[in-house]
1. Using 21 Å as the Cα-Cα cut-off, could you pick out the over-long pairs in K33/K287; K14/K174; K247/K399; K33/K332; K95/K197?
2. Measuring from centroid to centroid over Cα atoms, what is the spacing of the stretch 198-230 and the stretch 325-396 in Å?
3. Using the crude model of +1 on Lys and Arg Cβ and -1 on Asp and Glu Cβ, and no other charge, please compute the dipole size for the stretch 343-402 relative to its Cα centre, in debye to 20.
4. Sort 173-179, 65-71 for me by packing, meaning the mean count of neighbouring Cβ atoms within 10 Å per residue, highest on top.
5. Ranked highest first by the average count of other Cβ atoms within 10 Å around their residues, in what order do 256-267, 335-346 fall?
6. Which aspartates and glutamates, on any chain, are close to K353 with Cα under 16 Å apart, when same-chain ones fewer than 8 places away are left out?
7. Within the set of other residues whose C-beta is less than 15 Å from the C-beta of N278, count the net charge using Lys and Arg as +1 and Asp and Glu as -1.
Amino acid sequence: MSFFGLGTGGLQIKIHVAPTPNSFYLRHRPSWKVRKNVFSALKSPTLHPTTHPSMPPAMGMERITAYGGDCETEGTVDLIMPPGKKLDHNGIMVKFFGRIDMGALLHFRHVMSVKLQTETNGGCIFLQQNCRCNACDIQLLSTFQNLINSCAYETQEAGAHEGRPSYDFISLSKELLPPGSLYETRSIPFNFRGVEKMHETYHGRNVSVKYFVRVEAARQWLPPITQEHEVIVQLLGVEPSINEAIKMEVGIEDCLHIEFEYEKKCYHLHDVICGKINFLLVRIKIKHMELAVIRRETSGEGVAMSGGLNGATTGGKNDLNNIVTETQTLLKYEIMDGAPVKGEMIPVRLYLKGIPADLTPTYHAENNRFSVRYFLNLVLVDEEDRRYFKQQEIILWRKDLG
């Protein structure tokens, strides 16, 4: 809607990126979140748009087109004008960006507030959970527990890298229309060919890597009219030439000594992790043992110098290097129940395809701005609920698109 000419002038911009012979469909947009339905990762395989061009998406499923790294980015831009309207512009451009954005995805901080009506000042006091009001000497007591539980969470957005500029590793532009006036709806093709895509699309907790097409209609004395369309890109990896087995002995002196072994260190995203755990010495009463897959995202300037912090900081901020690390448990399951004995062997078999999350290849300090690493976390819990754990990094790479 236009208000004294300050709106869009009635112009609507729609961007259509055409599928290519090497493009494919995804069931959902890549996300950092872990899905609640653990069986969602085992649904039907990815469809190819050339073999199923007109197949409608399943009920409740959004059909997302994704592209390989060698696919051309081309399509059409629809400039839709309502009848009888006119738009004067200073040129309409189409641009293609590849961007590392460390401030686009905001994380949420939940603050629980309690509104209390007091007789002393006749006003309202807002208290955070476990806080103390020095002015009125009021504490949150158990009598207010029901009130606390009934309060809604206030969501406050706080970017971990708020104020940091984005980094564009690809920035291309082409002219769609020269300066002039637009009277009617037009459909204009565009293409960006021969563009090297260095990174795979990634949407993380505090950092994102994305490719997108932007259309800008410049106007005199007014801000431009813009529209963006994201292009999801996946890159095929190469199997490492050296992929040795992981074998390590860990334990506590004169109490516990175990040996764990995994067949290899590098896995593709649909691979199976196989291994075994041998108990060489057991003098403590172990209740059960767990195996978890952990993703650790490290972002900030100088990630390569920090070495990903080696897990030193979890879910916090390192003021010295201005590095933020977020750790996420993707999957955890129990592989042993009961006390083991000396000489017992526990087999390990974990299907990466069954993890209810969007696994990505390992990122090694990309552009010295972020890294994404994966770990196997082995945890032993004794009868006093003391936890003994050992983490081992694994390298993930993409063998197939989709």
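Since every read-out is calculated from the coordinates, none of them should be taken as a lab result. Computed from a prediction, not measured in an experiment: that's the story for all the values here. Reconstructed Cβ throughout: ideal geometry from the backbone, glycine too, with neighbour counts over all protein chains shown.
1. Listed pairs above 21 Å: K33/K287; K247/K399.
2. With the stretch 198-230 and the stretch 325-396 each reduced to a Cα centre, they are spaced 35 Å.
3. Dipole magnitude for the stretch 343-402 comes out near 380 debye.
4. 65-71, 173-179
5. The densest-packed peptide leads the list: 256-267, 335-346.
6. Straight-line reach from K353, under 16 Å: D271, D400.
7. Cβ neighbours under 15 Å give a net charge of -1.
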